[in-house]
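Undergrad: I'd like to ask some things about the structure below.
Each reported figure results from applying straightforward, stated rules to the coordinates on display, with no laboratory input. Quick caveat: nothing in here was measured; it's all calculated off a predicted structure. Here Cβ is always computed from backbone atoms with ideal geometry, including for glycine, and neighbour counts include all displayed protein chains.
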Amino acid sequence: MQNINEDTITQAVLASMAGCRDERLRRIMTSLVQYLHLFARDVELTEDEWFKAIQFLTDVGHITDDKRQEFILLSDTLGLSTLVTSQNNKKPPACTEATVFGPFFVEDAPEYDCGDDIANGAQGETCFVQGRVVGLDGSPIAGALLDVWQSDEDGFYDVQAQLQPGEAPQYRARAKLRSGPDGRFHFRSILAEAYPIPHDGPVGRMLAATGRHPWRPAHLHFMIQAPRYETLITHVFRNGDKYLDSDVVFGVRSTLIADWNRHEAGIAPDGTRMERPFYTLDYDFILNPAAATQ
Ligand code: BEZ
Ligand code: FE
């Protein structure tokens, strides 16, 4: 393996992995090397450009920590997350579609009962959300675990708050809830608003350099888990939002767009007298049975 040149380098790298015993890893690495080399040949990559790319990935690594996941942002903004989500979530057309996970989910969200106010101090106009979790035949799925999370009116998730040393994180506009015996769930929260993804780092520079904006249309995140059903990770998007056709992470599905209805001050769906206008959202989720039970 000497005197390797432009014409022999790809084959040399592939041959060097012949001893890889993990078949899946060998397939992935073989394809990755082939496409990477093809890409470098296709664009006739210069050394200066190659070094800038290394510098870019270094910056992505440096800004990433337990609160800021720049690699997910990179994958999302390059459409890789939507591609992987789409090719791994094929379902019957009647099922609720999946979309990107995003970087702001947390495992240990606080548990609430249906009807509770999950805003927990997050600022925004009041919104009452309700819906059902059902199977393909419309039968209710009782006891489904719903994780819900959203940003506040300024476009920030609770986990983005700058904490003082020793200050405990406060979970806001984020909850775990269970559907009732009739598959129904309902909670009080705040109105979803459009927001820009974090764009003060390398991914933001890449967006600006390629003439792109950093905005996501207003949405509410859901992860819904129930025994014998596939886990659904999705959003509900707010009808009328000006970014529905240019979501920076390519996550919008038309079936996931719903009306947030505005109401004048008065009696809310939970019977509360509201002194200010409020919103309601009604959205049902249809889960796909897990493969073994189909
Ligand atoms: C989100 O919706 O939370 C999100 C998704 C992708 C990138 C950044 C944020
Ligand atoms: Fe989001």
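Undergrad: Which value, in debye to the nearest 20, gives the size of the charge dipole of region 182-282 about its Cα centre, when Lys and Arg are +1 and Asp and Glu are -1 at the Cβ?
TA: Numbers: 12 positive and 12 negative charges, 34 e Å.
Once rounded to the nearest 20, the dipole reads 160 debye.
Undergrad: Same structure again: By the gyration tensor of its Cα atoms, with a ≥ b ≥ c the square roots of the eigenvalues, what is the shape of region 1-45: rounded for a/c under 1.5, prolate for a/b over b/c, or oblate?
TA: Working: a/c = 4.74, a/b = 1.38, b/c = 3.44.
It comes out oblate by the Cα gyration axes.
Undergrad: At a Cα cut-off below 27 Å, give the lysines reachable from Lys52, other chains included and same-chain residues fewer than 8 away excluded.
TA: Answer for Lys52, where 27 Å is the Cα cut-off: Lys67, listed by chain and number.
Undergrad: Between His62, Ser16, Ile267, whose Cα lies farthest towards the positive end of the dipole of the chain when Lys and Arg beta carbons carry +1 and Asp and Glu beta carbons carry -1, centred on the Cα centre?
TA: Working it through, the farthest residue towards the positive pole turns out to be Ser16.
Undergrad: Further question: Please give the calculated 222 nm ellipticity per residue for the chain, where each DSSP H segment of at least 4 residues contributes -39500 (n - 2.57) and the sum is spread over every residue; nearest 500 deg cm²/dmol? List each step's numbers first, then the result.
TA: Working: 6 runs with 70 residues, N = 294.
For the chain, the value works out to -7500 deg cm²/dmol.
Undergrad: Full-extension gain between Asp59 and His263, please, as 0.36 nm times their residue separation minus the C-alpha to C-alpha distance.
TA: Working: separation 204, 0.36 × 204 = 73.44 nm, distance 4.62 nm.
Length gained between Asp59 and His263: 68.8 nm.
Undergrad: Evaluate E = 1/(1 + (r/R0)^6) for Thr210 and Arg41, where r is the Cβ-Cβ distance and R0 equals 22 Å; express this FRET efficiency to the nearest 0.05. The partial results should precede the final answer.
TA: Working: r = 22 Å, r/R0 = 1.00.
So, using R0 = 22 Å, E works out to roughly 0.50.
Undergrad: Right, next: What's the longest bit of the chain with no exposed GluC sites (Glu not before Pro), using DSSP loop states and at most 10 other Cβ atoms within 10 Å as the test?
TA: No qualifying site falls inside 168-263, the longest such stretch.
Undergrad: Could you line up Tyr279, Tyr157, Tyr35 from fewest to most neighbouring Cβ atoms inside 10 Å?
TA: On the way: Tyr279 20, Tyr157 23, Tyr35 11.
Lowest count first: Tyr35, Tyr279, Tyr157.
Undergrad: Can you give me the Cα centroid spacing of region 172-236 and region 26-88 in angstrom?
TA: About 24 Å separates the Cα centre of region 172-236 from the one of region 26-88.
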